[in-house]
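Working notes, structure below.
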């Protein structure tokens, strides 16, 4: 099992009140799954995403990623896990404005300690993969929204992580571009990657083959996306 | 971490807003520039002074009426002392076993005439034999004064080249008669030029035999006797001998203080060091105030930068930057800032030193240790004042930072 979550709690202290953002969550995700995590705002899906992405530590419970217990890790160990195992794709792209596409994609490799030549080579390959070979020297503000998100996807892929973790990846894009981006995730998944998409849009969630619904800090439902599987079956 | 990236970001930020950058770096610039300039001056002066002060050899000391006077009271006391006479000088010359040379000297300042021409403010030097060594004078034309000239109180003189040039343009000065005060002297020699020292020409003088000086110029002049010991080691012996001789001649019993003064090159060097020590202390004060102010401004700018770039820090952390990666990045940026100020300061300081060196007689040279010191100081400022902002950046929570607008 790639991800194994047991009785996971995340409690925030807001003034004198305790807010249970996650309240005893159990979740297993296997390699090469394509999971959508859905839920209204306040349902705990962002908190779950932060924990999955090792940006946050649980208050209680266990989160094992590749059999490593994340909850006990120090800040620097978490940084290393994020660097090696997680590829983030954000709603607002989160590219460095001053750096060109190539350099943005290189960044995880910088922190991985990869040498300059090798870094360049792998960043080019990743940009190739998302069809942006001709935009490497462009800065984010010289790229369209869809292109920016593809740079972000290339950045997520460049270090060959275990999980691609996307947070509302189409939230800032029009629907046509959104579909392009979802098609890119599809390809990535087809290449054997594990993709987790956090979204509140049912249309986006329909791309996944498993949908996890959250409500009030708990998992409300966790079902296979039969429609998606049927479509896939019909295509083949 | 990516050193080139961090320095690049810092330099780009500097270029993006030139006025702000200038104001940011002003403190560091002033601090470093003043250190470089002052060190260059003091160093130049040191070299100059030790060269000039010790040019007659460090094993020369002076005996005179006053010695090294540092207060008005001491001066008034010293005024009541007996004069140093030519007999004292002769006694010293005849009795000192450790002295290689004993030369009596008296000085005045007056006008020298030749026909219708005259030169004002000439340093008239009455000198005994050996003055060429003690005053470090070399003959360019004619001859030096001799023992004979002195013993016979001849009215002959050796001129400094500047006087010779002014009084005898295009003429041979040898054997011409010049009028000094109310006497005429025959020019027997002209010395080689020595140039300027601290803005004073060293070539505006006329030397006459000391006994002629006493006979024709000022009978009651108190002399300064320069004594050169055989070598450095025998200087204290010669000094003690000279004291004993003078005390004996003046019948000073044990316990009574000397009623004459002895000055060595060391006395002057010590005085000079006290002086430059004071300059150094003032400089360190000015520089440290400027550097602290400069450092605080840099800290402020870095705090602004951390706030402005919170989101960037979040992104970097999400992509795997550890605390020390972020810390290093901001430290490198702060150090790049302060080093830029340091380099500008060094250029300014060196430029100032060279400018003053060129426009004034104050010698000043480029001083490599000072430049190294300037670089070290400015990077220390960057590291010291950059660490608080860098630390704040490093411990930002990645989730909060990513959420930051």
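A few points about this structure:
- Viscosity 0.692 mPa s, 37 °C: Kirkwood-radius Stokes-Einstein D of the stretch B:82-259 over Cα pairs, µm²/s: 191
- For residues of A:45-55, the mean tally of beta carbons on other chains within 10 Å: 2
- Neighbouring Cβ atoms from other chains, within 10 Å of the Cβ of residues in B:308-318, number 5 on average.
- C-alpha center-to-center spacing [the stretch B:317-337, the stretch B:225-303] in angstrom: 50
- Working from Cα pairs under 8 Å separated by at least six residues, relative contact order for chain B is 29 percent.
- Beta-bridge orientation, the protein assembly as shown: approximately 70 percent antiparallel, per DSSP, counting only bridges with both partners inside.
- The Rg/Rh ratio for the stretch A:1-131, using Cα coordinates for both the radius of gyration and the Kirkwood hydrodynamic radius, is 1.02.
- Alpha carbon centroid spacing (whole Å) that separates the stretch A:164-211 from the stretch A:1-76: 20
- Whole-percent P(r), chain A, all Cα pairs, 5 Å bins from 0: 1, 7, 14, 18, 19, 17, 12, 8, 4, 1, 0, 0.
- Beta-bridge orientation, the stretch B:82-259: approximately 75 percent antiparallel, per DSSP, counting only bridges with both partners inside.
- Mean per-residue shielding of peptide B:391-400 is 2, counting Cβ atoms of other chains within 10 Å of each Cβ.
- Its DSSP H runs of at least 4 residues, each contributing -39,500 (n - 2.57), put the calculated 222 nm mean residue ellipticity of chain B at -18500 deg cm²/dmol, to the nearest 500.
- With Cα atoms as the point set, the stretch B:233-300 shows a radius of gyration and Dmax of 23.4, 74 Å.
- Structural descriptor for the stretch A:66-188: relative contact order 38 percent, calculated from alpha carbon pairs under 8 angstrom and at least 6 residues apart.
- Order by protection proxy (mean Cβ within 10 Å, highest first), peptides B:391-398, B:200-207: B:200-207, B:391-398
- C-alpha long axis of helix B:235-249 to longest principal axis of chain B, angle in °: 40
- Each of A:74, B:146 was scored by other Cβ atoms within 10 Å of its Cβ. Listed from fewest to most, they are A:74, B:146.
- The ellipsoid that matches the Cα gyration tensor of the stretch B:43-133 has semi-axes, each √(5λ) in whole angstrom, of 25, 21, 20, with the longest given first.
- Fraction of antiparallel bridges per DSSP, chain A only, in percent to nearest 5: 55
- Candidates B:255, B:341, B:142: whichever shows maximal mean-square fluctuation once chain B is modelled as a Gaussian network with Cα springs under 10 Å: B:255
- Pairwise Cα distances in chain B exceed 29 Å in 61 percent of cases.
- Among A:134, B:88, sorting on how many other beta-carbon atoms sit within 10 Å of each Cβ, with the fewest leading, yields A:134, B:88.
- Remark on the protein assembly as shown: hydrodynamic radius 32.3 angstrom, per the Kirkwood mean of 1/r across alpha carbon pairs.
- Residue order for A:189, B:268, fewest other beta carbons within 10 angstrom first, comes to B:268, A:189.
- Relative contact order computed over the stretch B:1-123 (Cα-Cα under 8 Å; 6+ residues apart), in percent: 9
- Ranked by how many other beta carbons lie within 10 Å on average, peptides B:380-390, B:73-83 from highest: B:380-390, B:73-83
Only the coordinates and a few stated rules stand behind these numbers; no lab work does. All values derive from a computational prediction rather than experimental measurement. Every residue, glycine as well, gets a Cβ built from its backbone with ideal geometry; the counts of neighbours run over all protein chains shown.
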